[in-house]
Amino acid sequence: MGLLALLFVLALFMLLWNSIAMRWNSAGSQASMEASAFFASESLLATPGEPEGWEMLPHIDANVSALGLVNGRNELNRMKLDKLVAENATAYSTIKARLGLQRYELGMRITDLSDNVIYYEFGKFSGTLNNSLKFERFGILDGAPVLVHMEVWGG
């Protein structure tokens, strides 16, 4: 009887331990994704990239060490946006790597403030997945305020 009680307690302990470990792992993954998404958005909306004129290169490749979409903080550059969208099909993985998002998927959409007009769209969006991180930032495009919607998911 004592052996059965001990086995029951051990089985219960193993189930609880597994549940706690899964929650801990999930929280760590979410925190890592949030940090990566924040740094990617800062790179895109606070820096011009490296080299500064990367949009003039033939392709986004090893010659581009960092991507940035602005002339000044949050002041979006149409040429850089056009280049990013044009390279979506061929350099999506390279672009994610330059943003530090190798382990995740990325979707970005630039719209007017009321979400009625989409100016630019890049990447992949999760659809109905629950493990996505969505956020918005303000930008300026041709002197007018816009919303930059970003979604990071997967991992």
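Only the coordinates and a few stated rules stand behind these numbers; no lab work does. This structure is a prediction, so every number in the text was calculated from the model and none was measured. Methodologically, a virtual Cβ is constructed for each residue, glycine included, from the backbone with ideal geometry; neighbour enumeration extends over all protein chains shown.
Can you compute the modelled spin-label distance between Ala144 and Ser19, with each label point 7 Å from Cα toward Cβ, in nm?
5.4
Between Gln30 and Ala5, what length comes free when the chain is fully extended (0.36 nm per residue of separation minus the Cα-Cα distance, one decimal in nm)?
Net length gain for the segment: 5.2 nm.
Using a Gaussian network for the chain with springs between C-alpha atoms less than 10 Å apart, which of these wobbles most: Ala40, Ala144, Ala91?
So, out of Ala40, Ala144, Ala91, the one fluctuating most is Ala144.
Cross-link candidates for Lys124: which aspartates and glutamates have Cα within less than 17 Å, leaving aside residues fewer than 8 places away along the same chain?
Asp82, Glu87, Glu105, Glu136, Glu151
Which FRET efficiency value, to the nearest 0.05, is calculated for Phe38 and Gln102 with the Förster distance at 22 angstrom and r the Cβ-Cβ distance?
Computed FRET efficiency for Phe38 and Gln102: 0.90.
Give me D for the chain in µm² s⁻¹, whole number, from Stokes-Einstein with Rh from the Kirkwood sum over alpha-carbon pairs, 10 °C and 1.306 mPa s.
Once the numbers are plugged in, D ends up at 91 µm²/s.
If each residue's Cβ is checked for other Cβ atoms within 10 Å, how do His59, His149 rank with the fewest at the top?
So the residues, fewest neighbours to most, are His59, His149.
Label points 7 Å out from Cα along the Cβ direction at Leu12 and Asn88: separation in nm?
About 5.5 nm separates the two model spin labels.
Suppose every Lys and Arg Cβ carries +1 and every Asp and Glu Cβ carries -1, with no other charges. What dipole size does the chain come out with about its Cα centre, to the nearest 20 debye?
520
Near His149, within a Cβ-to-Cβ distance under 15 Å, what is the net charge of the other residues, with Lys and Arg +1 and Asp and Glu -1?
-2
Taking +1 at the Cβ of each Lys and Arg and -1 at the Cβ of each Asp and Glu, which of Ala86, Leu76, Gly100 sits farthest along the dipole of segment 73-135 towards its positive end, judged by Cα position relative to the Cα centre?
Comparing the listed Cα positions along the dipole, Gly100 ranks first.
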